[in-house]
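This report concerns only the one structure given below.
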Amino acid sequence: DEEEEDVHLVPNSADDAPRNRDTIQDSASTVNSVPCRPSGRVVGIIKRNWQSYCGSLEPMPMPAGNGGIAHALFVSKDRRIPKIRIQTRQLGNLLDKRIIVAVDSWDCLSRYPSGHYVRTIGEIGDRDTETEASLDSAAFYNILSSAKYISLKIKHFMDSLICLDGFRKVVLIENDINSRPFSSQVLACLPPLPWSVSTEDLMNPNRQDLRQLRVFSVDPPGCRDIDDALHCTALPDGNFEVGVHIADVTNFVHSGTPLDDEASQRGTSVYLVERRIDMLPKPLTEDICSLRSDVERLAFSVIWVMTPEAEIISTRYTKSVIKSSAAMSYVEAQARMDD
């Protein structure tokens, strides 16, 4: 059996691991053998995935004197996170505030990790800063999804929505999601607006002209970043040609550019209640690469020939130029099917 097996960690190996890689020693001789299964021992941690947390300082009396360094314990809103020791000269300004603290280290002999103050979000209890103390994300979504809460008063429901704004801030910060506007260097990578398909695009031998096809898209109402579309054409032999067309974003995001680096760092678009944090700038997602109706756009297409029973006969891939005939909502598409 040449398949790789998972390595079994012997008991307490993680607890015995040195916290400084400079102290790593060869401990292979102390590994207890485990019959019929590879085993190992954690001998060091090269890098820890420290991150920032949202919370507040544990209530405490102000130390005597002004301007000195005060020691305080930070309590995260995420109760799974232990208290974090910090040192600060602005204790008076941080008490009763919702703040961000980052972990720096955790000595093996210390009960708590050590960290440093990053920034202040706002006053504790302010609805623009956080959710109500009794409201967490799971509870809120349970309220929305459970039928027994349908009779909640409208005022209470609206208050919960407002409180969600604060929870949203906490989610973005604690998950290290970049919600800052795109920089001028990133925006400089975009082609000028208004943009249209060029003669060079149409003459490109690697890009097929599919503008004659009746392509359409189906998305939620009001969708502006239409990134996929499809077509289905009956063939003379009784089979069908089915195509899926994806906006060709790679034509505009070139490797090694600030736009490519920013998109790589963000990784994905993030969808929150009433808000979307884009991976790519809106001029690209909502205009240049949006497969809107009656507009020529660059795409990457996969086209199948299928039997009436949806058995695939052939498949081909190509870069393409398309012109959508209709950008429909789900309701509009269903109405077409019902007619």
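The values are calculated or read from the model by the stated rules, or taken from the named source; none is laboratory data. Just so we're clear, the structure is a prediction, and the values are computed from it rather than from any experiment. For neighbour counting, all protein chains shown are included, and Cβ atoms are generated from backbone atoms with ideal geometry for every residue, glycine included. Heavy atoms of the whole protein, side chains included, go into the accessibility calculation; ligands, DNA and RNA do not. Shrake-Rupley method; radii C 1.70, N 1.55, O 1.52, S 1.80 Å.
What to note about this one:
- Tally of residues being open to solvent by 80 Å² or more (accessible area, probe 1.4 Å), at negative phi and either basic (K, R) or not in a strand (DSSP E or B) (or both) across the range 70-105: 5
- Residue count for the range 290-330 under the criterion of being surrounded by fewer than 11 Cβ atoms within 10 Å (Cβ to Cβ) and touching a residue at least 24 places away in the same chain (Cβ under 8 Å): the result is 2.
- Filter result (open to solvent by 60 Å² or more (accessible area, probe 1.4 Å) and either in contact with a Leu (Cβ under 8 Å, 6 or more places away or on another chain) or at pLDDT below 85 (or both)) within the range 106-116: C108
- All positions within the range 199-222 that are part of a loop (DSSP other than H, G, I, E, B) and either within 13 Å of E332 (Cα to Cα) or open to solvent by 40 Å² or more (accessible area, probe 1.4 Å) (or both): N204, P205, N206, R211, Q212, R214, P220, P221, G222
- The range 245-269: number of residues that are surrounded by 18 or more Cβ atoms within 10 Å (Cβ to Cβ) and part of a strand (DSSP E or B): 2
- Considering residues of the range 294-333 that are within 18 Å of F252 (Cα to Cα) and among the aliphatic types (A, V, I, L, M) only, the residue nearest to the chain's Cα centre (by Cα): A299
- Each residue in the range 223-234 was checked for being part of a loop (DSSP other than H, G, I, E, B) and either under 22 Å from K319 (Cα atoms) or in contact with a Pro (Cβ under 8 Å, 6 or more places away or on another chain) (or both), and 3 pass.
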